[in-house]
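*Asks:* Supplied in structure tokens, the structure appears directly below.
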Amino acid sequence: MVRRTKEEAAATRDSILDAAEILFAKQGVSRTTLQHIATAAGVTRGAIYWHFVDKGALFSAMMDRATMPMDTAIQQLGERQVADPLQRLRDELMAVLHIVVNDEKAHRVFEIATLKTEFTEDVDSARVRKREAVAEWRARMEAQLAEARANGQLPASVDPHNAATCMWVMLDGLLRNWLFDLESFDLMALGGEVIDTFLAGLKAR
């Protein structure tokens, strides 16, 4: 009986998070109330408060159980042995684009984090989380660009930190514009072209 009760509680918690994820993606975080989530999940507001102190805690739990496309790309490619750091970097960037396009859940959560979250006090943890994620991803790109420069694949004039910052801005801009209007361009095709052009430009400096 105790085990069943725990399983039921876990199932209720998951249904609340599922409902919140869908509503946040549809109408934004600030415009979604706990009552909206309770109705969509088929539970009472009391059930939500039993699991989460407030909307901020619910939002944090939703993000905690999600894997961002950047993290998923690294997990998928982490075991591959690719000696060329520029090829590794390109593979990771293309994997991010592929995941955003083809993984519905990853797409939805990334859209929430990118376009549907207003950094108000009750979800301020999202700002911290995003800042940390961006810093980690940029550091990873910078390390691979620095390795490529050390290998002679990039000119000594290339600053890995500045180049990584530019690459992040490029990737972020591609994703934001595509999420804003999915029909505006083919993310995989244009993304690959933009990434290759940027890397070719670094080599030509």
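The values are calculated or read from the model by the stated rules, or taken from the named source; none is laboratory data. Just so it is clear, the model here is predicted, and its values are computed rather than measured. Cβ sites come from the backbone with ideal geometry, for glycine too, and all protein chains shown count toward neighbours. Ligands, DNA and RNA are excluded from the accessible area calculation, which covers all protein heavy atoms including side chains. Shrake-Rupley method; radii C 1.70, N 1.55, O 1.52, S 1.80 Å.
*Asks:* Residue check: is LEU34 open to solvent by less than 30 Å² (accessible area, probe 1.4 Å), under 22 Å from HIS107 (Cα atoms) and modelled with pLDDT of 90 or more?
*Replies:* Numbers: open to solvent by less than 30 Å² (accessible area, probe 1.4 Å): yes; under 22 Å from HIS107 (Cα atoms): no; modelled with pLDDT of 90 or more: yes.
Considered against the rule, which asks whether it is open to solvent by less than 30 Å² (accessible area, probe 1.4 Å), under 22 Å from HIS107 (Cα atoms) and modelled with pLDDT of 90 or more, LEU34 comes out as no.
*Asks:* While we're looking at this one, here's another question. Keeping to the range 40-50, report how many residues are assigned to a helix (DSSP H, G or I) and either free of Cβ contacts under 8 Å to residues at least 12 places away in the same chain or over 25 Å from the mean Cα position of the chain (by Cα) (or both).
*Replies:* 6
*Asks:* Do you know which of the residues in the range 174-187 that are in a helix (DSSP H, G or I) and among the hydrophobic types (A, V, I, L, M, F, W, C) is most open to solvent (accessible area, probe 1.4 Å)?
*Replies:* Among those that are in a helix (DSSP H, G or I) and among the hydrophobic types (A, V, I, L, M, F, W, C), it is PHE180.
*Asks:* Evaluate the following for ASP54: is it of a type in the set (Asp, Glu), at pLDDT 85 or above and surrounded by fewer than 19 Cβ atoms within 10 Å (Cβ to Cβ)? Please lay out each step first, then the result.
*Replies:* Numbers: of a type in the set (Asp, Glu): yes; at pLDDT 85 or above: yes; surrounded by fewer than 19 Cβ atoms within 10 Å (Cβ to Cβ): yes.
Taking the combined requirement at face value, the residue satisfies it.
*Asks:* Okay, moving on. When both residues are 6+ apart or on different chains and their Cβ atoms are under 7 Å apart, which pairs have a first residue that lies in the range 85-102 and is among the hydrophobic types (A, V, I, L, M, F, W, C), and a second that is open to solvent by 10 Å² or more (accessible area, probe 1.4 Å) and not in a helix (DSSP H, G or I)?
*Replies:* LEU86/GLN153
*Asks:* Yes or no: the range 72-84 includes at least one residue that is small (Gly, Ala, Ser), at pLDDT 85 or above and assigned to a helix (DSSP H, G or I).
*Replies:* For the range 72-84, residues small (Gly, Ala, Ser), at pLDDT 85 or above and assigned to a helix (DSSP H, G or I): absent.
*Asks:* Inspect the range 114-128 for any residue being in contact (Cβ under 8 Å) with a residue 12 or more places away in the chain, part of a helix (DSSP H, G or I) and small (Gly, Ala, Ser) and give the result as yes or no.
*Replies:* yes
*Asks:* Scan the range 184-205 for residues that are under 15 Å from LEU86 (Cβ atoms) and acidic (Asp, Glu) and jot them down.
*Replies:* ASP196
The rows are residues; the columns are (1) modelled with pLDDT under 95; (2) under 23 Å from ILE22 (Cβ atoms); (3) buried (at least 17 other Cβ atoms within 10 Å of the Cβ); (4) of a type in the set (A, V, I, L, M).
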site	(1), (2), (3), (4)
GLU121	yes, no, no, no
GLU136	yes, no, no, no
GLU142	no, no, yes, no
LEU154	no, no, yes, yes
ASP172	yes, no, no, no
ALA189	no, no, no, yes
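*Asks:* Quick check: is even one residue across the range 195-205 open to solvent by 60 Å² or more (accessible area, probe 1.4 Å), hydroxyl-bearing (Ser, Thr, Tyr) and in a loop (DSSP other than H, G, I, E, B)?
*Replies:* Start the filter on the range 195-205 by keeping residues that are open to solvent by 60 Å² or more (accessible area, probe 1.4 Å), which leaves 196-197, 203-205.
So of that shortlist, the ones also hydroxyl-bearing (Ser, Thr, Tyr) come out as 197.
Narrowing further to those that are in a loop (DSSP other than H, G, I, E, B): none.
No: zero hits.
*Asks:* Return only the number of the condition from (1) open to solvent by 70 Å² or more (accessible area, probe 1.4 Å); (2) of a type in the set (S, T, N, Q); (3) in a loop (DSSP other than H, G, I, E, B) that ASN162 does not satisfy.
*Replies:* Looking at each condition in turn, ASN162 falls short on (3).
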